[in-house]
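Structure, as structure tokens:
The values are calculated or read from the model by the stated rules, or taken from the named source; none is laboratory data. Given the structure is predicted, the values throughout are model-derived calculations rather than measurements. Don't worry about glycine lacking a Cβ; one is built from the backbone with ideal geometry, like all the others, and counts go over all protein chains shown. Accessible surface is based on the protein model in full, side chains and every heavy atom, while ligands, DNA and RNA are left aside. Shrake-Rupley method; radii C 1.70, N 1.55, O 1.52, S 1.80 Å.
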Amino acid sequence: MIKIKTKTGLAALLWTSTALVGTAQADAGTKPLTLRGALALFPTFAQHDARSPMAIMPIYDVTRMPGDWKYKRDEWDRTAVSPPLGALDSVINTPRPVVAGFGFTDNGAARQAFVDVKTRAGAFLMRGVGTYKWGGSYDDGDGDRVRAGYGRDTEQIILGYLPDADTALKAIVIRDEIRDDKQAATTVEAPNSALQSGTDSLKTTRYIGKLLFDKTLEGALEAVHAETTVVFADRRNNNFTFQDGRQPGQRQEADVDRRKVEGRVHGDTRLGDIPFRLGVRGLYDSHDADRATGISLETFSAVQYPDVTRLEAEVFAESALDLGMARLDLGLRWQHAITGIGRADEPVSWLNPTGTSVVSTTTPRALYRQYAGTDDTDTSLHAISAVATMSRSWLDKALDTHLSLGRIARLPENQELYFARNHAQARMRAVGNPGLDPEVHYRVEAGASYESAGWLDFGRKAPLMDAASYRLSGSVSHDHVDNFISRDRAGDQTLIWRNMDARFTSLTLSAEWNPTRTLSAGVYGRATWAENLDEDRGLYGIAPAEAVFLVDYHDRLGVHGTWNAGLKVRAVAGPTDPDDDLNTGTALDPEDIDAFAVLDVYGGVQVHDRVGVRLGISNVLDTEYAELDPHYVTDTPNPGPINAPGRAFFLWTVVNF
């Protein structure tokens, strides 16, 4: 049994506060509060440095370059700043039933086509979206070729039934297929070197189905929400289809199979005048993957996910209190996970390069015993999270401030618990840890935003007003993390997962200004500092500080349409404390990552809100640079720096009808 550290004092304080303030609520005499959204108060902490396929959503985004660019962070990171739609806004966001577009780049030969169809008949609605992408190798800023390439098809169908204003039933189906996704040359250029071997993702197929039901009621129970999600995911990776020179014993092919079924339901009621939400969630997760080697790929060299079965249960609650001058939002969550594996004792063997003899044989359980100190592969994990957020508006609601305190727990994921990749060389092994404890963040976060009287949005001043139009915002957060789950190196340099204490501090700032009705500018900055407190060193995969400067000019095109033009400057600092030295850490941060600045320019035009064109140049100055944290789509134990694309011309054309 795993020992769980719990600190429930904050949770008790939150719900004691509810009882203390509840008496005063009845006399508040203000409009009843509504809840902000199920568990919106809880920040989502994903697995540290997860290696996964590119995200599905959004299916298309014409504010960014056509295609997928996994080595250019501001293209794949959906939290990154991107220019506005500009002239294409009225073409994309249209009531007309069909929107279609096509885009391409010269560097990397990326191509992307999409079609978005929506219709409604009475209470029934339907929307279908499809996008199709292709790409190849590209030139970096120094003119060197970077190995890349893929094909991708994604389709989404949404069906809805809305018989009245109080009832909604929706079904969503998504299919996503990625083919021939080639890894950059730093992981594959030397086939006979263990430190350079990597796998290409031959095919990834994901099917996602979601059913949602919402009903507003009269009486003690005010609203009900229910949803079910089903995910089928299959992947096949290998290191020989697109790579020459592999001997039989060096050939590796991995097959990954995952099935998930998740259900969630919650109901809203009131305790007096206090809104209250109570909900439950359940998850079934089946995860299996093995890696085969040899002439006929009949010998298992690893069982990366050894038939993992995961069951999760969750109970969550949310409430909000009107404190007169301020609002207090409260959240509480309990999670329980039971996990186990069915292939713990399956033999895995590593062959010599010619594939004629066995070099070593082991099992997943033996690897856990060697590197995690346990051979018990069954886990029962509990996690308690609680959060309180105080928010208040000032200066006639022009200034909004908030302060949040929380204990946010995260359960270990399947890869962290059970990943079991064997190799003859220790530096190529990666072994999970069934003895991990849940990760617990003790978090404080504060933020503020101010909007002037003339502000409506970036590029839009308030109508009929000549007042100044600007918006300022900023936030800062600090996390002390008990049992932070991170990769590390064992004594023989095998990659392992373990708990450690860590500290994170993050800062975000932005300033946006519309000096006229046609000119807009914005400055955005963010920085994160992280430290492994156990060993007094930095953590890998922490994005360096960066700032983005945007300028956009937009105007009418006579009586026929609109146009816009702008530029974006992205400046990224060098890493302050990278984990790039195998002698002192994991070396999962590539070496030789320097500060850089990149200039992009763009422009767009649309006619009669029906046809639009957007074109631009990314990396105008052909700067040679590499991101500290590119998006790796397959597991790479010894990554190297991967240069981002050099100068690239791109063009989007969009029509609706």
Gyration tensor (Cα) of region 397-504, equivalent ellipsoid semi-axes in angstrom: 47, 17, 10
Can you give the charge dipole size of the chain about its Cα centre, rounded to the nearest 20 debye, using +1 on the beta carbon of Lys and Arg and -1 on the beta carbon of Asp and Glu? 1480 debye
Kirkwood-based Rg to Rh ratio, region 227-301, C-alpha trace: 1.40
For the chain the mean separation of alpha carbon contacts under 8 Å (6+ apart) over residue count, i.e. relative contact order in percent, is 13 percent
Counting alpha carbon pairs within less than 8 Å and at least 6 residues apart, what relative contact order, in whole percent, applies to region 446-538? 26 percent
Could you state the accessible area per residue of the chain in Å², with a 1.4 Å probe and every protein chain left in place? 43 Å²
Please get the size of the charge dipole for region 87-224, origin at its Cα centre, with Cβ charges of +1 on Lys and Arg and -1 on Asp and Glu, quoted in debye to the nearest 20. 480 debye
To the nearest 0.05, what FRET efficiency results for LEU507 and SER391 with a Förster distance of 25 Å applied to their C-beta separation? 0.80
About its Cα centre, what dipole magnitude does region 498-562 give when the only charges are +1 on Lys and Arg Cβ and -1 on Asp and Glu Cβ, stated in debye to the nearest 20? 300 debye
At q = 0.16, 0.19 Å⁻¹, the log10 of I(q)/I(0) for region 125-269 from a Debye sum over equal Cα scatterers comes to -0.92, -1.11
Please list the equivalent ellipsoid semi-axes of region 482-615, computed as the square roots of five times the alpha-carbon gyration tensor eigenvalues, in descending order and whole angstrom. 45, 15, 13
Report the percentage of all Cα-Cα pairs in region 72-164 whose separation exceeds 16 Å, rounded to a whole percent. 71 percent
Region 76-147 and region 538-568: distance between their alpha carbon centers, rounded to Å: 17 Å
Provide the descending list of Cα extents for region 526-565 along its principal axes, expressed in whole angstroms. 65, 13, 9
Quick one: compute a quarter of the convex hull surface over the Cα atoms of region 566-657 and quote it in nm². 8.2 nm²
Counting only protein heavy atoms with a 1.4 Å probe and every protein chain in place, the carbon and sulfur fraction of the accessible surface of the chain in whole percent equals 58 percent
Taking a 28 Å limit on the Cα-Cα distance, which of the listed pairs LYS182/LYS210; LYS215/LYS397; LYS397/LYS568; LYS210/LYS397; LYS118/LYS210 fall beyond it? LYS182/LYS210; LYS215/LYS397; LYS397/LYS568; LYS210/LYS397
Answer check: the chain, Cα atoms, Kirkwood Rh, Rg/Rh ratio of 0.96
For MET54, what accessible surface area do you get with a 1.4 Å probe? Give it in Å², rounded to 10. 20 Å²
Ordered by packing density, taken as the mean number of other Cβ atoms within 10 Å over each peptide's residues, highest first, how do 591-602, 428-439 rank? 428-439, 591-602
Region 204-246 -> Rg/Rh from Cα coords, Kirkwood Rh, value 1.50
How many percent of Cα pairs in region 287-382 exceed 24 Å? 48 percent
Quick P(r) readout (region 481-545; Cα-Cα; 5 Å bins; whole %) gives 4, 14, 18, 15, 13, 8, 8, 6, 5, 5, 3, 1, 0
Relative contact order computed over region 167-312 (Cα-Cα under 8 Å; 6+ residues apart), in percent: 18 percent
